[in-house]
Amino acid sequence: MKRLITLHVNGASYEVAIEPRQSLLQVLRDELHLTGTKEGCGEGECGACTVMLDGKTVDSCLIFGLEAEGCEITTIEGIGSETGLHPVQQAFIEHGGAQCGFCTPGMILAAVALLEQNPNPSEDEIRWGLSGNLCRCTGYVKIVEAVQAAAQQQAG
C-alpha cells in the first residue's frame, strides 16, 4: 500500500505516493524523474547512486524513500544553476574527469561533499573522499586532477 510523503529535493518540495520498500534511488528516478542519479550495483558498492542527504553523501540504493522524509536531498540536478555549472562539474569537463559518464554524477557529488568539508584536500584526501565511488573507465588520475582544479578555483 502506497504512502504519501513529502520530500525536499534540490530546494523544492515534492509530495509523492510511494511503496514502503521503494529505495530513495527508485523514488528519485521513477517518481520524480530525476534520472541523473544512476543505479550501478544496487548494493551500495559502486557509488553511482550517490546523493547528499542533509549534506552527507549516501548510496540512495540503500536508503528507503520513507527514510528521506524531512531530510534535504541534493542530486546532481541540484548542484549547478540555470546560469552555469558547479565548479566541480566544470572541472570534470575541463580536465577529462568524465569518460562514459555513468559514475560521474555520484563522483561529482562525492567531490562536492569533500570540498565542503575540506576546501584544500591533498591528493590522498581526495582519493579517500572518492573511495566509495567506482569508475571503470579511468585510472582516477583525471578525476583527482579535476577535484584539485575545482578546489583551487573555489579558493579563488
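Scan segment 91-106 and report the pairs whose first residue is within 20 Å of Q153 (Cβ to Cβ) and whose second residue is at pLDDT below 95 and surrounded by fewer than 24 Cβ atoms within 10 Å (Cβ to Cβ), with Cβ atoms within less than 6 Å and a gap of 6+ or a chain change.
As it stands, the answer is F92/A98; T104/A98, since those pairs meet every condition given.
What are the residue pairs meeting all of these: first residue in segment 120-136, first residue more than 16 Å from A155 (Cα to Cα), second residue assigned to a loop (DSSP other than H, G, I, E, B) and of a type in the set (D, E, K, R), Cβ atoms under 9 Å, and 6 or more apart or on different chains?
What qualifies is G132/E45; L134/E45.
The values are calculated or read from the model by the stated rules, or taken from the named source; none is laboratory data. Fair warning: this is a prediction, and the values are worked out from it, not measured in the lab. Cβ coordinates were reconstructed from backbone atoms using ideal geometry, including for glycine residues, and neighbour counts include every protein chain displayed.
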